[in-house]
1. Six or more apart or on different chains, Cβ atoms under 9 Å: show the pairs whose first residue is in the stretch 89-107 and of a type in the set (D, E, K, R) and whose second is modelled with pLDDT of 95 or more.
2. Please tell me if F81 is surrounded by fewer than 16 Cβ atoms within 10 Å (Cβ to Cβ), under 15 Å from the mean Cα position of the chain (by Cα) and within 16 Å of the ligand (Cβ to nearest atom).
3. If I filter the stretch 2-36 down to residues being of a type in the set (V, I, T) and more than 14 Å from the chain's Cα centre (by Cα), which single residue comes out as least open to solvent (accessible area, probe 1.4 Å)?
4. Just give me the residues in the stretch 91-102 being β-branched (V, I, T) and within 10 Å of the ligand (Cβ to nearest atom), in sequence order.
5. Only one residue in P43, P48 is out of contact with any Pro (no Cβ under 9 Å at 6 or more places or on another chain), at pLDDT 95 or above, closer than 18 Å to D3 by Cα and open to solvent by less than 10 Å² (accessible area, probe 1.4 Å). Which one?
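The values are calculated or read from the model by the stated rules, or taken from the named source; none is laboratory data. Because the structure is predicted, anything quoted here is derived from the model rather than measured. Glycine also receives a Cβ, built like all others from the backbone with ideal geometry; neighbour counts cover every protein chain displayed. Note: areas computed on protein heavy atoms with side chains; ligands, DNA, RNA excluded. Shrake-Rupley method; radii C 1.70, N 1.55, O 1.52, S 1.80 Å.
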Amino acid sequence: MSDTIFGKIIRGEIPSKFLYEDEHCIAINDINPQAPVHVLVIPKRGIPRLVDAEQDDQALLGHLLLAAGKVAAQLGVSDAFRLIVNNGAGAGQTVFHLHLHIIAGRPFAEGHLAG
Ligand code: AMP
């Protein structure tokens, strides 16, 4: 388990409301939301970055995508959400425990990924 803030949240050392939890992951609201819906799906296993995932993590990575879809449906945004993974400090990663951002509830620009 990682010693990042997410590791502490998963271990219950920092109180946090889980919007979703299963055997392999949790989902929580982002503390600094960038959209009306901004939720983090976080695996319980603390892989630092996506590129650090290994072949043994294949099932877990698929599980995280399925969980993200479930959480989006639970939040009522299954028709329009974006999933983001920041990999590495240069891409804006600040917590080195892999996580998916679910972003929804605001307009998205068409045709590119920046908006
Ligand atoms: P990233 O920049 O991709 O590493 O994303 C880390 C995210 O974690 C940021 O959007 C932060 O706002 C969020 N964050 C940091 N600490 C907490 C916390 N204690 N609870 C919820 N979200 C957090």
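1. Correct list of pairs: R106/Q34; R106/A35; R106/P36; R106/V37.
2. Values: surrounded by fewer than 16 Cβ atoms within 10 Å (Cβ to Cβ): no; under 15 Å from the mean Cα position of the chain (by Cα): yes; within 16 Å of the ligand (Cβ to nearest atom): yes.
Answer is no for this residue.
3. First, the residues of the stretch 2-36 that are of a type in the set (V, I, T): 4-5, 9-10, 14, 26, 28, 31.
Still in the list and also more than 14 Å from the chain's Cα centre (by Cα): 4, 14.
On the way: T4: 30, I14: 53 Å².
Checking each candidate, the answer is T4.
4. Kept after step one, since they are β-branched (V, I, T), are these residues of the stretch 91-102: 94-95, 102.
Those that are β-branched (V, I, T) and within 10 Å of the ligand (Cβ to nearest atom): T94, V95.
5. On the way: P48 fails: open to solvent by less than 10 Å² (accessible area, probe 1.4 Å).
Just a single option satisfies the conditions, and that option is P43.
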